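A short reminder: the numbers here are calculations on the coordinates, not readings from a lab. Just so you know, these numbers come straight off a predicted model, no measurement behind them. Cβ: placed from backbone, ideal geometry, glycine included. Neighbour counts: every protein chain shown.
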Amino acid sequence: MSDFETIRYENPAPGVARIVLARPDARNAQDLSMTYEIDEAFKLAGADDAIKVVILAGDDPHFSSGHDLRGKSGKTMDDFEQVTMWGAFDAGGAEGRLSREMEVYLGMSKRWRDFPKPTIAAVQGKCIAGGLMLAWVCDLILASDDAQFRDPVIDLGVCGVEWFAHPWELGWRKAKELLFTADWFSAEEAREFGMVNRVIPRAELNEHALKLAEQIASKPAFALKATKLAINQAQDAAGFQTGMNTVFAWHQLCHAHNMQMFNLAVDPSGLAPSVKGRTDARLAPKK
Ligand code: ZN
């Protein structure tokens with residue numbers, strides 16, 4: 001139906017669109033292509049009046065291992081059509097990185113979180129760091145019983161991922177514990193925090209997500225939109241967006257600190273062996 005390379009856009013039932021992360025060999029890590037293709041898919045679903053609900057899923061075995069720091073595709077921001085009006089992606093100092101992360105992380109996540117139709121994340125296997133961002137922007141999260149979650153970004157010398165929803169998703173104290181320790185947490189724990197709506201046997205996850213989407217799609221479209229935005233705005237009134245914007249500045253300060261200390265945007269002691277020592281486009285200092 002489309003020429004997407006890193007995702008699939010499907011219509012599994014009337015009124016339902018499904019965006020499937022389709023880089024299973026890379027554990028559905030989100031490179032720039034995938035990020036922009038997800039945004040494009042949301043635009044398709046938004047513009048299609050027949051679509052009332054969107055499922056966000058990932059090809060097995062893992063929902064998403066986070067952002068693709070290796071940038072294997074070799075593509076840069078110039079290869080994509082900008083979605084925010086931020087610009088200055090190639091600027092030096094802290095400005096370029098802030099601008100890029102404002103566009104592809106904070107900006108995109110805000111767009112997807114406020115996408116006006118209900119969204120359901122169907123999460124299986126591992127969901128790490130940037131994977132959490134993808135799940136968290138959805139309205140409902142279904143997790144397979146073997147799903148595992150983790151934000152280990154503190155190991156890289158940064159205070160959590162760019163979409164800092166942790167206090168809201170995990171609760172204040174658990175957010176501190178799980179960020180300080182970078183520990184894994186289970187689907188059942190996530191359900192107890194209120195982050196996950198339902199825990200589903202792995203083999204039934206996709207079918208369950210589709211049934212739930214069809215149930216929601218049977219409701220009046222405009223009332224669904226109004227209800228979604230009513231809840232999001234209640235969350236915003238409680239400080240959600242304000243807190244997110246403030247922490248984004250802390251996040252950028254961490255990157256700037258690492259640049260001064262290590263000449264890298266992250267603390268290299270926390271890099272995975274497969275990444276350590278490489279000077280890829282995202283991590284290397286801008287000239
Ligand atoms: Zn960052």
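Here are the numbers:
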read-out	value
For Asn11, residues with placed amide H under 5 Å, excluding near neighbours	Arg18
Mean residue ellipticity (222 nm) of the chain, computed from DSSP H runs ≥ 4 via -39,500 (n - 2.57), nearest 500	-12000 deg cm²/dmol
Of Trp112, Trp184, Trp172, the one that fluctuates the most in a GNM where the chain has Cα springs shorter than 10 Å	Trp172
Per-q log10 I(q)/I(0), the range 8-100, q = 0.13, 0.14, 0.15, 0.18 Å⁻¹ (Debye; single scatterer per alpha-carbon; no solvent)	-0.54, -0.62, -0.69, -0.91
FRET efficiency, 1/(1 + (r/R0)^6) with R0 25 Å, evaluated for Gln241 and Asp49 via beta carbons	0.35
For Asp146, distant residues with modelled amide H under 5 Å away	Gly125, Arg202
Whole-Hz ³J(HN,Hα) from phi, Karplus 6.51 cos²θ - 1.76 cosθ + 1.60, for the range 163-177, glycine and proline x	8, 8, 8, 3, x, 7, 7, 10, x, 4, 6, 5, 4, 4, 4
Percentage, to the nearest whole number, of Cα pairs in the range 147-287 over 17 Å apart	71 percent
The chain: relative contact order in percent, alpha carbon pairs under 8 Å with at least 6 residues between	19 percent
Cβ-derived FRET efficiency at R0 30 Å, Asn232 paired with His257, nearest 0.05	0.40
Listed residues Ile154, Ile231, Ile55, most fluctuating in the chain (Gaussian network, C-alpha, under 10 Å)	Ile231
Cβ-derived FRET efficiency at R0 25 Å, Ala182 paired with Glu81, nearest 0.05	0.10
Centroid-to-centroid separation of the range 11-29 and the range 155-177 [C-alpha atoms, Å]	26 Å
Extension gain (nm, one decimal) between Glu10 and Arg191, 0.36 nm per residue minus Cα-Cα	62.4 nm
Fluctuation leader among Arg111, Arg150, Arg173 - the chain, Gaussian network, Cα springs under 10 angstrom	Arg173
Dimensionless Rg ratio for the range 7-270, taking C-alpha atoms and the 2.2 N^0.38 Å reference	0.97
Inter-part distance where the range 178-192 and the range 74-147 are each reduced to a Cα centre, Å	21 Å
Derived scalar couplings ³J(HN,Hα) [the range 5-22; Karplus, 6.51 cos²θ - 1.76 cosθ + 1.60; whole Hz; x for Gly, Pro]	9, 10, 9, 10, 10, 10, 10, x, 7, x, x, 10, 10, 10, 9, 10, 5, 10
In order through the range 116-128: 3J(HN,Hα) via Karplus (6.51 cos²θ - 1.76 cosθ + 1.60), integer Hz, x for Gly, Pro	x, 10, x, 10, 10, 8, 10, 10, 10, x, 8, 9, 10
